[in-house]
1. Look at residue 181 and say whether it is under 30 Å from residue 224 (Cβ atoms), at pLDDT 90 or above and not in a loop (DSSP other than H, G, I, E, B).
2. How about the stretch 334-356: which of its residues are in a loop (DSSP other than H, G, I, E, B), touching a residue at least 40 places away in the same chain (Cβ under 8 Å) and under 13 Å from residue 231 (Cα atoms)?
3. Just need a number here: residues in the stretch 301-333 that are at pLDDT 90 or above, assigned to a loop (DSSP other than H, G, I, E, B) and more than 19 Å from the chain's Cα centre (by Cα).
4. Considering (1) over 19 Å from the mean Cα position of the chain (by Cα); (2) not in a loop (DSSP other than H, G, I, E, B), say which one residue 211 fails and leave the rest.
5. For the stretch 39-70, which residues satisfy the criterion of being in contact (Cβ under 8 Å) with a residue 40 or more places away in the chain and in a helix (DSSP H, G or I)?
6. Considering every residue within the stretch 312-334, establish whether at least one is touching a helix residue (DSSP H, G or I) at 6+ places or on another chain (Cβ under 7 Å), within 19 Å of residue 197 (Cα to Cα) and surrounded by fewer than 16 Cβ atoms within 10 Å (Cβ to Cβ).
7. For the stretch 231-250, what are the residues that are in contact (Cβ under 8 Å) with a residue 60 or more places away in the chain and surrounded by 18 or more Cβ atoms within 10 Å (Cβ to Cβ)?
């Protein structure tokens, strides 16, 4: 299959936006996408958490690991994990199936007319349908899947390799997310509330998104995003990605490029955890920049609750709640409304108790 038949019409959409807007007015500012030196985000070895032992030295190592996780979530909002307990067979198997599904002709992906993903109803996306300027356009395509459609489905199994691999990875990611959420609750003195995640976040309430970022060779890659700047609307995101550079995040008021770490998964805090932790843990703005020569793949697992779940900040006598109570359904609806109205997400500022 050639690239014309498999790729969405990115060039046409990009040129249309360029014709609608003047780059000096609507494109990126000249210094906005200056290449920043790569930075190594915290890398945390999770193997101490996977060991069963009553040895006091092992317990000390486990507590150190937990503290490193909490510190990374306070100071960075992002970290890599290695020795995380998810086998290379599971990760590599899903990567292989992911690349296969993106090689299907665009017309079939767009219409969901292929037996490999006919259960993905309405999930294929490309570009940014609501974009009104270049800064709002994402040079990428994705399959966004509610795991309620897959987990425990009769379509899963070795004979349906893609769904089988998705369920394998999602099951492992769910267990990892629950472990991390429990640790983060414990480290802000909310051990008793850690059951909140077991009760409200189930394997069927989360989402998976498979992303592909094609090369951008029309001009300088700094003219367009692979994925526009955003924060995630979940509790936690677990990201499996290749070694192609592109992920960037905001740290100390600047964009920094995240250096990939072999065999690692990348974890980041989402908006719901920032609100639930009363701003202790940070949901950090991040983006993907395009590459002139290489395509990039990633798979994001979004750890989410039921739509009806109410998010309430963990306040104390020393710190009042920053955010008002809101349901996940209300949050998602507000994000959708803002994207439709403004072309971008506003997010947590909409739910502040005392907006500035």
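1. no
2. Answer for the stretch 334-356, where residues must be in a loop (DSSP other than H, G, I, E, B), touching a residue at least 40 places away in the same chain (Cβ under 8 Å) and under 13 Å from residue 231 (Cα atoms): 344, 345, 347.
3. Counting residues in the stretch 301-333 that are at pLDDT 90 or above, assigned to a loop (DSSP other than H, G, I, E, B) and more than 19 Å from the chain's Cα centre (by Cα) gives 8.
4. Going through (1) over 19 Å from the mean Cα position of the chain (by Cα); (2) not in a loop (DSSP other than H, G, I, E, B) one by one, residue 211 breaks only (1).
5. Within the stretch 39-70, 49, 66, 67, 69, 70 meet the criteria.
6. No, the stretch 312-334 contains no residue that is touching a helix residue (DSSP H, G or I) at 6+ places or on another chain (Cβ under 7 Å), within 19 Å of residue 197 (Cα to Cα) and surrounded by fewer than 16 Cβ atoms within 10 Å (Cβ to Cβ).
7. Going residue by residue through the stretch 231-250, those that are in contact (Cβ under 8 Å) with a residue 60 or more places away in the chain are 231-240, 242, 245, 248-249.
Matches in the stretch 231-250: 231, 232, 233, 234, 235, 236, 237, 238, 239, 240, 248, 249.
Matching residues to (1) at pLDDT below 95; (2) outside any helix (DSSP H, G or I); (3) within 18 Å of the chain's Cα centre (by Cα); (4) surrounded by 18 or more Cβ atoms within 10 Å (Cβ to Cβ):
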residue	(1), (2), (3), (4)
72	no, no, yes, yes
79	no, yes, yes, yes
84	no, yes, yes, yes
94	no, no, yes, yes
109	yes, no, no, yes
115	yes, yes, no, no
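The values are calculated or read from the model by the stated rules, or taken from the named source; none is laboratory data. Keep in mind that what you see is a predicted model, and the values were worked out from it rather than measured. Positions of Cβ are backbone-derived with ideal geometry, glycine not excepted, and every protein chain shown enters the neighbour counts.
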